[in-house]
1. DSSP beta bridges in segment A:15-283, what fraction antiparallel, as a percent rounded to 5?
2. In segment A:158-209, what trypsin sites (Lys or Arg not before Pro) fall in a loop by DSSP, with at most 16 other Cβ atoms inside 10 Å?
3. Could you list A:148, A:258, B:56 so that the one with the fewest beta carbons within 10 Å of its beta carbon is first and the one with the most is last?
4. Alpha carbon centre of segment A:220-276 versus segment A:90-122: separation in Å?
5. Starting from one equal scatterer on each C-alpha and no solvent at all, send me the Debye-based log10 I(q)/I(0) for segment A:1-142 at q = 0.15, 0.17 Å⁻¹, two decimals.
6. With a bin width of 10 angstrom, please list the P(r) values of segment A:116-199 as percents of all Cα-Cα pairs, from the 0 bin to the one holding the largest distance.
7. List the GluC sites (Glu not before Pro) within segment A:33-112 that DSSP assigns to loop and that have no more than 13 neighbouring Cβ atoms inside 10 Å.
8. Which residues in segment A:253-273 have a backbone N closer than 20 Å to a point placed 7 Å from the Cα of residue A:151 along the Cα-to-Cβ line?
Amino acid sequence: MSLFAQGHTACAGCGMPIAVKLVLEGSGENSIVVSPTGCLEVTSTRYPQSAWGVPWIHSLFENAAAVASGIETALKVKGKKVNVLVIGGDGATVDIGVRALSGMFERGHNVTYICYDNEAYMNTGVQRSGSTPYGASATTSPAGKLSFGEDRPKKDIPAIAAAHGIPYVATASVGYPKDIVKKVKKAQEIVGPKYIQILTPCPTGWRFDGSKTIKLAKLAVETALFPVYEIENGEITKVKKIKERKPVEEYLKLQGRFKHLFKKNKDRIEVIQKMADSNAEKFGLDG
Amino acid sequence: MKLLPGGIVKPKTTVVNKTGAWRTFIPVFDEDKCKKCGICETFCPEDCISIDENEFRHPDYDFCKGCGICAEECPADAIEMKYEEKE
Ligand SMILES: Cc1ncc(C[n+]2csc(CCOP(=O)(O)OP(=O)(O)O)c2C)c(N)n1
Ligand code: SF4
Ligand code: SF4
Ligand code: SF4
Ligand SMILES: [Mg+2]
């Protein structure tokens, strides 16, 4: 059994527990994890139970990075070497906790911040977040007569993290498990703030059959909608190349949240394809 | 139940939740087809697939939610999802 136990109550086929298992494999037993409110916290720690095999603390929704900063500082004072991590959702990371996250980066805390990105506020019923992609229907950006869904592009938090001058920023997808373990291990060898964003498909909020979670996690990368790369000290040092880039339709058509685009918003699919093309160009993904 | 200050609970105590009861479809593993690659084990969100001394994989039906990821990802088509009759 891994450091994340069975009996958690995430929906069948959820990508998040797969990512958590892999992150803990990379970080090992000598870790302390902070999680803000969200699906991970709710499904792993239904009181009086916990799925965690490492010390874990629940922060508020908005202050996980501040709590982790405090833990890291206390450990430093005590002269103990422990991997301090945050594992939090996209809403907690890119929206409500972004101030605490920026502070943690600015102060240079030796913390690995993992954002599991399911691209909306899932635990409270699929409200859009800054990480929700363009064109997706969420309960607060619903597709309808006058709307094609989310009308803003996904917030580029990895670039914002990198702009703080922190030593390590990476993205990953739960479709590529070895890459996640490798990146977490690498992060634990670097001193300073580290940020890793992992795409974790959510069958409930994205509206697809739970058996397709890994397929979608790969398609997001293969279409260049979710580029996988590393940024070290501000420089892009590695990208996951795509041999034959797939058209974005292949990814979009499998998900209920994009269904409306195929009915009367075909022009929006072209916009999404352009976003993928520009990702491919920016990161040099083709090849 | 005695409440501890700060809401402290013991590690890995969720194992009392037998989430296998959630299942509608059950994965059935075929050892004749299995290539022993471990992909099913890596991707199982319940972490409920274990390996035996002959490197065959077995799901723990106490926890398997029947998501079907293992069957979808198995490169050898060695896992079939079957409708589960329950009494
Ligand atoms: C200050 C505050 N506002 C709102 C909430 C309600 N709330 C709990 S979980 C959640 C959504 C979390 O979204 P995200 O961080 O993306 O994690 P996910 O549930 O998607 O895994 C919200 C809005 C809260 N707990 N605290
Ligand atoms: S709502 Fe989505 S992210 Fe939350 S537990 Fe269910 S599948 Fe996972
Ligand atoms: S994924 Fe298929 S072939 Fe690989 S170990 Fe599992 S059952 Fe066997
Ligand atoms: S169906 Fe899902 S939960 Fe059950 S063993 Fe396969 S991957 Fe695990
Ligand atoms: Mg989320």
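1. Working: 11 of 36 bridges.
Percentage antiparallel, nearest 5: 30.
2. On the way: sites: A:178, A:182, A:183, A:185, A:186, A:194, A:207; in loops: A:207.
Sites meeting the loop and neighbour criteria: A:207.
3. Details: A:148 20, A:258 27, B:56 13.
Least to most surrounded, the residues fall as B:56, A:148, A:258.
4. 23 Å
5. Treating every Cα as an identical point scatterer, log10 I(q)/I(0) equals -0.73, -0.93.
6. Histogram of Cα-Cα distances, whole percents per bin: 17, 37, 30, 14, 3, 0.
7. Working: sites: A:41, A:62, A:72, A:106; in loops: A:62.
Hits after loop and neighbour filter: nothing returned.
8. Under 20 Å, as judged by backbone N against the label point of residue A:151, lie A:257-273 of segment A:253-273.
Bear in mind that the values in this text are calculations on the coordinates, not laboratory data. Everything numeric in this text was worked out from a predicted model, so none of it was measured. Don't worry about glycine lacking a Cβ; one is built from the backbone with ideal geometry, like all the others, and counts go over all protein chains shown.
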